[in-house]
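Engineer: Dropping the structure in here first, questions after.
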Amino acid sequence: QVQLVESGGGLVQPGGSLRLSCTVSGRLFSINAMGWYRQTPGKQRELVAAFTSGSMINDADSVKGRFTISRDNAKNTVSLQMNSLKPEDTAVYYCYAGIRVGLTHPIRDYWGQGTQVTVSS
């Protein structure tokens, strides 16, 4: 069974940094798109940064220049380095991956359990 396990997150002061990591485990054939979304109460989940299936990076304007996404295909891991954090970055951050579990299987969306990031003094 495929699982996405996140680590990192927590409480940080404005201007500080945090690093989130997500590792995909289980039997699978391939991982396509992979990245991070976030959600605050009462709002829709929004893209933070992600690698597309063509390895291009999409990231939200609000995090450009502050957040850096990286991917290790050998380890099935995606990470998000978050610098210069602001109170408005406070949210639950979710790891996402588009995964094909077998050669003839369709690509399906998988999500991590979410990790809380709180930016506050």
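The values are calculated or read from the model by the stated rules, or taken from the named source; none is laboratory data. These numbers come from a predicted model, not from an experiment. Note that we place each Cβ from the backbone using ideal geometry, even for glycine, and neighbour counts take in every protein chain shown. The area values use the complete protein model at the heavy-atom level, side chains included, leaving out ligands, DNA and RNA. Shrake-Rupley method; radii C 1.70, N 1.55, O 1.52, S 1.80 Å.
Engineer: Given charges of +1 on the Cβ of Lys and Arg and -1 on the Cβ of Asp and Glu, with all other atoms neutral, how large is the dipole of segment 1-72 about its Cα centre, in debye to the nearest 20? Numbers along the way, then the final one.
Structural biologist: Details: 8 positive and 5 negative charges, 14 e Å.
Using only the charged Cβ atoms, the result is roughly 60 debye.
Engineer: Still on this structure: I'd like the accessible area for Arg19: 1.4 Å probe, protein heavy atoms, all chains in place, Å² to the nearest 10.
Structural biologist: Accessible area, nearest 10 Å²: 120 Å².
Engineer: Any idea which of Met56, Val117, Asn32 is furthest toward the positive side of the dipole for the chain, if Lys and Arg beta-carbons carry +1 and Asp and Glu beta-carbons -1?
Structural biologist: Asn32
Engineer: With every protein chain left in place, what is the accessible area per residue of the chain in square angstrom, probe 1.4 Å?
Structural biologist: Values: 6740 Å² over 121 residues.
I get 56 Å² per residue for the chain.
Engineer: Non-local amide H neighbours of Ala33 (under 5 Å, H modeled in plane, Pro and chain starts lacking H): which ones?
Structural biologist: Sorted by chain and number, the residues that satisfy this are Ser53, Gly98.
Engineer: Can you give me the distance in nm between label points at Ala74 and Gln39, each placed 7 Å from the Cα along the Cα-to-Cβ direction?
Structural biologist: 3.5 nm
Engineer: Of all beta bridges DSSP finds with both residues in the chain, what is the antiparallel percent, to the nearest 5?
Structural biologist: Values: 40 of 43 bridges.
Beta bridges within the chain, antiparallel portion: roughly 95 percent.
Engineer: Quick one: accessible surface of Ile107, probe radius 1.4 Å, all protein chains present, in square angstrom to the nearest 10.
Structural biologist: Estimated to the nearest 10 Å², Ile107 gives 80 Å².
Engineer: Evaluate the charge dipole of the chain about its Cα centre and quote only its size in Debye, nearest 20, assuming +1 on the Cβ of each Lys and Arg and -1 on the Cβ of each Asp and Glu.
Structural biologist: Value, rounded to 20: 200 debye.
Engineer: Taking +1 at the Cβ of each Lys and Arg and -1 at the Cβ of each Asp and Glu, which of Ser21, Gly8, Gly102 sits farthest along the dipole of the chain towards its positive end, judged by Cα position relative to the Cα centre?
Structural biologist: Toward the positive end, the furthest listed residue is Gly102.
Engineer: Distance in nm between label sites at His105 and Ser25, each 7 Å beyond Cα in the beta-carbon direction?
Structural biologist: That separation, rounded to one decimal, is 1.7 nm.
Engineer: Quick one: Cα convex hull volume of segment 1-41, Å³ per residue?
Structural biologist: Looking at segment 1-41, the number lands at 108 Å³ per residue.
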